[in-house]
1. Roll a 1.4 Å probe over the protein heavy atoms and report the accessible area of Leu250 in Å², nearest 10.
2. For the cross-link pairs Lys95/Lys309; Lys119/Lys280; Lys54/Lys415; Lys118/Lys171, which exceed 22 Å when the distance is taken from alpha carbon to alpha carbon?
3. At 1.4 Å probe size, what's the solvent-accessible area of Glu84? Round to the nearest 10 Å².
4. Quick check: Cα centre of region 301-340 to Cα centre of region 120-162, how many Å?
5. Would you list, by chain and number, the aspartates and glutamates whose Cα falls below 14 Å from the Cα of Lys188, excluding same-chain residues fewer than 8 positions away?
6. Using a 1.4 angstrom probe on heavy atoms only, work out the carbon and sulfur share of the accessible area of region 174-265 in %.
7. How large a share of the accessible area of region 328-420, in percent, is made up of carbon and sulfur atoms when the probe is 1.4 Å and the other protein chains stay in place?
8. Considering amide H positions built from the backbone, and no H for Pro or chain starts, which residues 5 or more places from Tyr58, or on another chain, come under 5 Å of its amide H?
Amino acid sequence: MWCNRLLRHPLFLGQRSSVRAKSGLAQLAHILEGELEGIRGAGTWKNERVITSKQGPYIHVEGSKGQILNFCANNYLGLSSHPEVIRSGLETMEKFGAGLSSVRFICGTQNIHKDLEKKISHFHQREDAILYASCFDANAGIFEALLTPEDAVLSDELNHASIIDGIRLCKANKYRYKHMDMQDLEAKLQEAQKCRLRLVATDGVFSMDGDIAPLKEMCALAQKYQAIIFIDECHATGFLGPNGRGTDELLGVMDQVVIVNSTLGKALGGAAGGYTTGPKALVDLLRQRSRPYLFSNSLPPAVVGCASKALDLLMESNAIAQSMANKTRRFRSKMAEAGFTISGNDHPICPVMLGDARLASVIADDMLERGIYVIGFSFPVVPKGKARIRVQISAVHSEEDIDRCVEAFTEVGRKHGALP
């Protein structure tokens with residue numbers, strides 16, 4: 001009996017708890033080290049290079065000498081360091097503060113947030129828009145709020161991770177169709193006819209491949225099977241289409257695409273933020289039910305100011321976007337002439353296909369030694385056996401920058417056997 005009392009003594013219980021905690025921690029450490037070693041062994045370890053300057057065509061990278069030519073930013077229009085965009089952010093922060101310390105529905109909505117939402121909906125020619133902290137949040141917040149177990153969502157197999165995760169959160173019937181395969185999409189739409197609502201979700205531009213969704217064909221199928229189209233336009237907003245409104249404008253289906261999600265963190269200033277734009281009733285529902293919107297702080301005023309000015313510049317002229325398109329064609333044609341395989345359509349995302357993860361990594365490292373900043377992508381970001389270096393063209397690159405990048409790729413490619 002005295003042994004039982006001893007075992008129940010607080011001091012003894014505390015010691016046993018400590019032993020269990022240490023044992024659990026040791027087990028966790030063992031599991032984590034195994035996972036990390038597996039990543040290292042597969043050659044897919046991702047190192048974060050540290051930039052010590054503002055974003056732009058030329059940057060400074062910790063550990064590297066001099067200026068580095070940057071070819072891997074989503075800074076398509078070069079607006080992330082545009083003086084007018086920076087000035088607008090500073091002036092807006094001076095007037096409206098550093099942040100709201102609140103979600104939107106409590107005390108986190110300023111007139112600048114409503115003004116930006118109106119500007120976004122006007123730009124996309126939709127009824128209304130709602131801001132999020134990121135487009136990842138916008139994608140995480142729409143499917144659960146809109147779809148029920150009576151509905152169906154049909155998703156391209158190569159959709160962005162944020163769309164995949166957002167769909168996982170909802171209770172709709174889930175269908176995955178082969179990448180840009182309209183026959184498979186039609187078959188899945190036929191299967192989903194029993195459902196109340198059918199939502200087809202696709203990237204407008206697929207960020208790892210630079211290919212553009214066949215929206216004309218998708219919209220025709222949507223009309224045939226009474227479905228609605230949702231597109232993620234993160235890698236299209238600002239520069240695709242005659243006025244930079246995206247793939248739906250480029251392909252002439254703006255009146256048929258119902259929902260557009262996109263970002264303020266790429267072409268439109270590059271700071272942060274995302275949004276959904278579409279029917280007013282949908283936006284009203286998201287304000288009531290979308291969890292990332294309801295439980296995240298409002299966008300900081302500086303971010304709102306930068307994005308608003310970026311949209312102003314974009315709506316004033318499409319000259320910047322045209323400059324980027326010309327430089328994209330130059331890079332793609334010169335790389336093809338050198339013998340590289342460049343995936344995707346005529347888009348500033350230019351994936352240099354290499355196949356092997358280690359090869360992509362060492363070529364990227366050698367490019368940095370030559371003053372060119374690019375990054376290798378491998379599994380799990382892209383499928384196994386399809387490793388590549390994703391080059392991204394910006395309007396602020398010069399033709400000389402483009403040529404220098406191609407020359408460096410050619411030299412390094414021959415060194416490592418990627419070219420004959």
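1. For Leu250, solvent-accessible area is about 80 Å².
2. Numbers: Lys95/Lys309 15 Å; Lys119/Lys280 14 Å; Lys54/Lys415 32 Å; Lys118/Lys171 31 Å.
Table pairs above 22 Å Cα-Cα are Lys54/Lys415; Lys118/Lys171.
3. Solvent-accessible area, nearest 10 Å²: 70 Å².
4. 25
5. Asp151, Asp156, Glu157
6. Working: 1590 of 3400 Å².
The nonpolar share, carbon plus sulfur, comes to 47 percent.
7. Values: 1940 of 4010 Å².
Here it works out to 48 percent.
8. HN-HN under 5 Å from Tyr58: Asn70.
The values are calculated or read from the model by the stated rules, or taken from the named source; none is laboratory data. Worth saying up front: this structure is predicted, and the values here are computed from it rather than measured. Methodologically, a virtual Cβ is constructed for each residue, glycine included, from the backbone with ideal geometry; neighbour enumeration extends over all protein chains shown. Accessible surface areas use protein heavy atoms only, side chains included; no ligands, DNA or RNA. Shrake-Rupley method; radii C 1.70, N 1.55, O 1.52, S 1.80 Å.
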